[in-house]
Amino acid sequence: MDNLDLKKIISHCKEYGFVFSSSEIYDGLSAVYDYGPNGIELKNNLKQYWWKTMVHDNDNIVGIDSSIFMHPKIWHASGHTEAFNDPLVDNKDSKKRYRVDTLIEEHVEKIRKKVNKDIDKAEKRFGPDFDRKKYITTNPRIINYENLINKINSKLSKSLERNDLSSLKKMIDDLEIKCPVSGTSNWTEVRQFNLMFSTKIGAISEDSNNLYLRPETAQGIFVNFLNVQKTSRKKIPFGIAQIGKAFRNEIVARQFIFRMREFEQMEMQFFVKPGDEIQWYNHWKNKRMEWHQKLNLKKSEYIFHDHLNLAHYANAACDIQFNFPMGFRELEGIHSRTDFDLIQHQKFSKKKLQYFDPKIDKSYVPFVVETSLGLDRLFLSIICGSLFEEKTDVDTRTVMKFPPFLAPFKVAILPLVKTDELIVNAKKIHKDLQKIFSCQYDEKDSIGKRYRRQDAIGTPYCITIDHNSIKDNMVTVRDRDTMSQDRIPIERICERIKSKLYT
Ligand code: ATP
């Protein structure tokens, strides 16, 4: 049973109504996507699960929904107008544009693949006696590759942190990185590119009316900090959560919904007493990893990536990375952002953003620990971890083994054949179950084809109504994962479905 590559995932998502290219009949719009009938069900289930576990299950976290348009000064205060940049470079022959850090990271990925290939070869050669750990730590070729990877990564982080564009250019020259399209190293100088989309508000086009589409949801939380604290009467430590759209004019907008120009974030800002932030950072770091692992995909698919070079406003930061088909990549960021954002907004708005702490009888600007998860990346991780091609006794089936509580539809009701009597009975069962679960009703094609269609969209159970059902009030329940079938009384269908959803 194998996980599938990205190409197969993209075509499956399209064929089964999960994700379409935006404006497809006009040849699409680069890095913008629409969610189809099955996709929106999965997306909504993910949002609801996050909201329940983040807001409803935590007494000290409340939610908000702030607007996408915000006062332009907010983006000066947060540093986005000056520093929300990516370094870009053009290839003069292909005229293609790239993000320099991505080009270098892809180069490192190639070296990593060589390392893995060498290890696989050695494993085959030595057979069961192969000591993987010893081989990695003693083989000179592997050690050289690892040193090279570390050297490149450290140089890249330093150059990005210092905003050193000439050093980045030197890196692509020294590493002899070639354009994947033209195959040449004929690069322009490296330039900075601001990722924010701008637009105008009101009827008169004047400079003062310039607006930005928010590149992150977090600032809507910071500027509402006191409104929320006062109206919800929360005491520190407490958090504010939000789900909403964000927009970034990404330079390298490939890799399907992993990197989009319009996407959704699920963020939570946790306000703490200065000095307590590292303890809370560690708390949320572990909590968020547990949350992902409870989704029941393979635990080894998630790793922490601690940031060694921190942004100027952070005193600790890490990513939770998921093993996407293109390798381990950021899924969620956890950052200890100090009091940077609130202080900046105090400065720019000239309004106090302080909290009076009755425990110490003192006012202060709280420190913030944030958890920032991309909903679309989460969606992709769930699809990548659930979609399999599986050999059966007779053929190969494509099955989406979603965690059952996330599946777009929990159960499909299928009359075995299209006779009036079976259809009436099947529709009655469908109507009853619909009150409790998201259900599908399907009477078209052979039962085998219908099972396969439900496998492909990840429905955990199929209920088949046949002629005997009319006599004995029993139906056949088919399990998506084991494909096993058994007969149960109609009144026990609900209990059976629930047993799978809440385990
Ligand atoms: P990356 O390094 O991949 O560009 P980032 O570090 O800029 O990501 P953050 O600003 O920390 O990302 O945003 C928080 C989360 O939002 C990310 O962990 C990711 O899940 C999601 N995200 C960020 N940019 C995009 C995008 N262009 N498309 C989809 N999701 C995104």
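Quick one: is ILE61 under 30 Å from PHE238 (Cα atoms), assigned by TED's automatic domain parsing to the domain that holds LYS235, touching a residue at least 60 places away in the same chain (Cβ under 8 Å) and over 21 Å from the mean Cα position of the chain (by Cα)? Judged against the criteria, ILE61 is a match. Consider the stretch 404-444 and keep the residues that are under 29 Å from the mean Cα position of the chain (by Cα) and in a helix (DSSP H, G or I). The one that is farthest from SER469 (Cα to Cα) is LEU406.
Condition check ((1) more than 28 Å from LYS52 (Cα to Cα); (2) in the same structural domain as LEU331 (by TED's automatic domain parsing); (3) surrounded by fewer than 13 Cβ atoms within 10 Å (Cβ to Cβ)) across all residues:
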{"position": "PHE402", "(1), (2), (3)": "no, no, no"}
{"position": "LYS444", "(1), (2), (3)": "yes, no, yes"}
{"position": "ILE457", "(1), (2), (3)": "no, no, no"}
{"position": "THR464", "(1), (2), (3)": "yes, no, no"}
{"position": "ASN468", "(1), (2), (3)": "yes, no, no"}
{"position": "THR476", "(1), (2), (3)": "yes, no, no"}
{"position": "ARG480", "(1), (2), (3)": "no, no, no"}
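State which residue is modelled with the lowest pLDDT when the search covers only the stretch 235-257 and only residues that are part of a loop (DSSP other than H, G, I, E, B) and within 14 Å of the ligand (Cβ to nearest atom). The qualifying residue modelled with the lowest pLDDT is ALA253. In the stretch 30-53, the residues that are on the phi > 0 side of the Ramachandran plot form Cβ pairs under 7 Å with partners that are within 14 Å of the ligand (Cβ to nearest atom) and among the charged types (D, E, K, R), at six or more places apart or across chains, as follows: ALA31/GLU250; ALA31/ARG259; ALA31/ARG261.
For the stretch 343-381, a tally of residues being of a type in the set (Asp, Glu) and more than 14 Å from the ligand (Cβ to nearest atom) returns 2.
Within the span defined as the stretch 253-272, every residue fails to be over 16 Å from the mean Cα position of the chain (by Cα) and either within 30 Å of LYS7 (Cα to Cα) or free of Cβ contacts under 8 Å to residues at least 60 places away in the same chain (or both). Any residue that is free of Cβ contacts under 8 Å to residues at least 24 places away in the same chain and closer than 30 Å to ASP276 by Cα - is there at least one of those in the stretch 391-405? No, there is no match, as no residue in the stretch 391-405 is free of Cβ contacts under 8 Å to residues at least 24 places away in the same chain and closer than 30 Å to ASP276 by Cα.
Counted as qualifying within the stretch 120-190 are the helices (runs of 4 or more DSSP H) with 2 or more residues that are in contact with a strand residue (DSSP E or B) (Cβ under 7 Å, 6 or more places away or on another chain) and not assigned by TED's automatic domain parsing to the domain that holds ARG254, namely 165-174. Residues that are in a loop (DSSP other than H, G, I, E, B) and among the charged types (D, E, K, R) were ranked within the stretch 258-283; the one that is farthest from the ligand (Cβ to nearest atom) is LYS273. Within the stretch 328-342, the set of residues being more than 10 Å from the ligand (Cβ to nearest atom) and over 14 Å from the mean Cα position of the chain (by Cα) comprises SER336, ARG337, THR338, ASP339, PHE340, ASP341, LEU342. When ILE74 is tested against (1) in contact with a helix residue (DSSP H, G or I) (Cβ under 7 Å, 6 or more places away or on another chain); (2) part of a helix (DSSP H, G or I); (3) free of Cβ contacts under 8 Å to residues at least 40 places away in the same chain, exactly one condition is not met: (3). With respect to SER232, is the statement that it is away from the ligand (no atom under 16 Å from the Cβ) and either at pLDDT below 90 or within 26 Å of the chain's Cα centre (by Cα) (or both) true? It is false that SER232 is away from the ligand (no atom under 16 Å from the Cβ) and either at pLDDT below 90 or within 26 Å of the chain's Cα centre (by Cα) (or both).
The values are calculated or read from the model by the stated rules, or taken from the named source; none is laboratory data. Here the structure is a predicted model, which is why all the values come from computation and not from measurement. All Cβ positions, glycine included, derive from the backbone under ideal geometry; neighbour counts span all protein chains shown.
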